[in-house]
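Worksheet: the structure to be examined is printed underneath.
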Amino acid sequence: MKLTRGIHSKGENVSHPEEYDVVVLGSGRARSFAWSLASQGKRVAVVERRNLAGSCPTIACAPSKNVIHGAKVANYFRRGAEFGIAAGDWKVEMPAVRDRKRKMVDGIVARNVNAYRESGAELVKGQGRFVGPRTIEVTADGGTRTLRGNVVVINTGSRARIDSIPGLADARPMTHIEALELDRVPQHLLVLGGGYVGLELAQALRRFGSRVTVIERADALVNREDRDASQALRELFHDEGIAVRTGTHVERVEGRSGESVRLHTTRGGAKEVIEGSDLLVATGRTPNTDGIGLEAAGVERDERGFVKVDERLRTTAPGVWAVGDCAGSPFFTHIGDDDVRVVRDNLAGIDRVTTGRLVPFCLFTDPELARIGLSESEARSRGIAYRLAKIPVAAFIRPWTLSESRGFYKTLVAADSDRILGFTAFAPEAGEVMTIVQLAMTAGLPYTALRDAILVHPTMAEGLATLFRALPARP
Ligand SMILES: Cc1cc2nc3c(=O)[nH]c(=O)nc-3n(C[C@H](O)[C@H](O)[C@H](O)COP(=O)(O)OP(=O)(O)OC[C@H]3O[C@@H](n4cnc5c(N)ncnc54)[C@H](O)[C@@H]3O)c2cc1C
């Protein structure tokens, strides 16, 4: 099967759109749904302008984790003597770091191409835009096609937001896309934004040898997390030689990223000029919902520009659904995937909603910071009574074997029952360990199930038993 069908000359098919069972606008997470419907014999089209595998495997999650892993290897080289490995000559070759990432991306894209081919879902390459109810015009290379879906799913994702700070856009800052394509180590990288995108890349580039300064306007890094977590990250960054400026507002930017940049900042009334060679912007996301003709389809946006959806991800237009980042769901691939399940089930007549779902979070620094369920600050602000246990990871054995004894596990359990309310880990493999607690929470297991489980020694999971044993008895 050919991947794309011919694009017709402009206007040819507007009054007679090609009819489909389902049209997906944007090859984001909903593409797997398209493949599955197509393999059941439905007529399905996915409209994509650039990344036929969506953002996650091409410019976001997988490439960043690939590069982060390379940086971890560099860090092991740096720490070699600690492990009894003689330090010899070694250096970071950024073109090779980038090529390893590109090779991985190419492999994943090839699998996606295959999935389109095998399922029979049609990939229509081009820029899509609504021209009427459930009707999308696709433009590419000067030609257009018009597709109408019985069902349409909007899955256009989001892009890095560049705030309207004077001089910022003119400085041509990198976003994660360019940062993940670097073939050189920046001399001094300034990272705007202390959220997960900024922090992961800040640590990676530091480990490759760049001087790094992180600038965050809130008064803490990852400021939605508890203060002990953001403080632990700050100490990690300090120990790795990353400068952190919190509570810092950038008023004006001068210069050009890649050459020389000057940030004019204020912090608590004091002015400071922060200079660097390169600038990375990681201050938030803008949904890709502008210029796609939503008004022609009767699809409304909210005040922040996200597609307005209800808890079943129905938009304001009959037959049109929206999933993932563009629908204002938490910006994670696993949430995009769950959104797709919500739409799939509702279309099949099974009631499923987005409300009340557990949203796992993992920051892939080294060590990782992961959380599921309530943080302490959320529990307090919502007036939920809890029991707390917190242990350093040095309280169990695995971290000692790894020479990685920085970090902690923390849990909140209901004050009046054995229900687990939340878990935070700042530790090696925190994301994996969190998943164990997530499963226990999903299954409604009491915390005692983890406390009394026979867990392999010595693993990071074993620390969960140590943690839950430290929980105070019910009052
Ligand atoms: C650096 C970085 C690291 C990340 N790491 C993680 C991580 O480790 N774990 C995690 O869970 N999440 C991570 N995320 C978030 C995650 O990547 C996103 O939440 C996820 O990719 C969103 O998927 P989506 O389906 O909403 O859209 P996307 O995957 O972005 O797909 C949208 C697609 O629509 C296309 N499109 C848009 N408009 C049009 C149009 N008009 N016509 C045709 N095509 C169009 C786009 O080209 C794009 O391919 C990371 C994000 C970034 C930036």
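Considering the range 150-166 alone, what residues qualify as being within 14 Å of the ligand (Cβ to nearest atom) and not hydrophobic (A, V, I, L, M, F, W, C)?
Once the filter is applied, which keeps residues that are within 14 Å of the ligand (Cβ to nearest atom) and not hydrophobic (A, V, I, L, M, F, W, C), the range 150-166 yields 155, 156, 157, 158, 159, 161.
Kindly evaluate residue 112 against the criterion of being at pLDDT below 95 and within 15 Å of the ligand (Cβ to nearest atom). I'd like the intermediate steps shown before the answer.
Numbers: at pLDDT below 95: no; within 15 Å of the ligand (Cβ to nearest atom): yes.
Criteria not met by residue 112.
If you go through the range 435-452 one residue at a time, do you hit one that is under 30 Å from residue 84 (Cα atoms), under 28 Å from the mean Cα position of the chain (by Cα), modelled with pLDDT of 95 or more and not β-branched (Val, Ile, Thr)?
no
Every residue in the range 243-265 that is small (Gly, Ala, Ser), free of Cβ contacts under 8 Å to residues at least 40 places away in the same chain and either out of contact with any strand residue (DSSP E or B) (no Cβ under 8 Å at 6 or more places or on another chain) or not in a strand (DSSP E or B) (or both), please.
Answer for the range 243-265, where residues must be small (Gly, Ala, Ser), free of Cβ contacts under 8 Å to residues at least 40 places away in the same chain and either out of contact with any strand residue (DSSP E or B) (no Cβ under 8 Å at 6 or more places or on another chain) or not in a strand (DSSP E or B) (or both): just 247.
Here are some residues: 381, 375. Which one is buried (at least 20 other Cβ atoms within 10 Å of the Cβ) and among the small types (Gly, Ala, Ser)?
Checking each option against the conditions leaves just 375.
Somewhere in the range 144-155, is a residue of a type in the set (S, T, N, Q) and within 20 Å of residue 29 (Cβ to Cβ)?
yes
Would you tally the residues in the range 307-337 being over 12 Å from the mean Cα position of the chain (by Cα) and more than 16 Å from residue 32 (Cα to Cα)?
17
Check every one of the helices (runs of 4 or more DSSP H) wholly within the range 293-399 and list those with 2 or more residues that are under 27 Å from residue 230 (Cβ atoms) and of a type in the set (Gly, Ala, Ser).
Answer list for the range 293-399: 376-381.
Please verify whether the range 315-323 includes one or more residues that are under 30 Å from residue 207 (Cβ atoms) and touching a residue at least 60 places away in the same chain (Cβ under 8 Å).
no
Just to check your reading of the model, which residue among 170, 163 is charged (D, E, K, R), in a loop (DSSP other than H, G, I, E, B) and surrounded by fewer than 18 Cβ atoms within 10 Å (Cβ to Cβ)?
163
The values are calculated or read from the model by the stated rules, or taken from the named source; none is laboratory data. Source: prediction; values computed, not measured. A quick note on method: Cβ atoms are made from the backbone with ideal geometry, for glycine too, and the neighbour counts reach across all protein chains shown.
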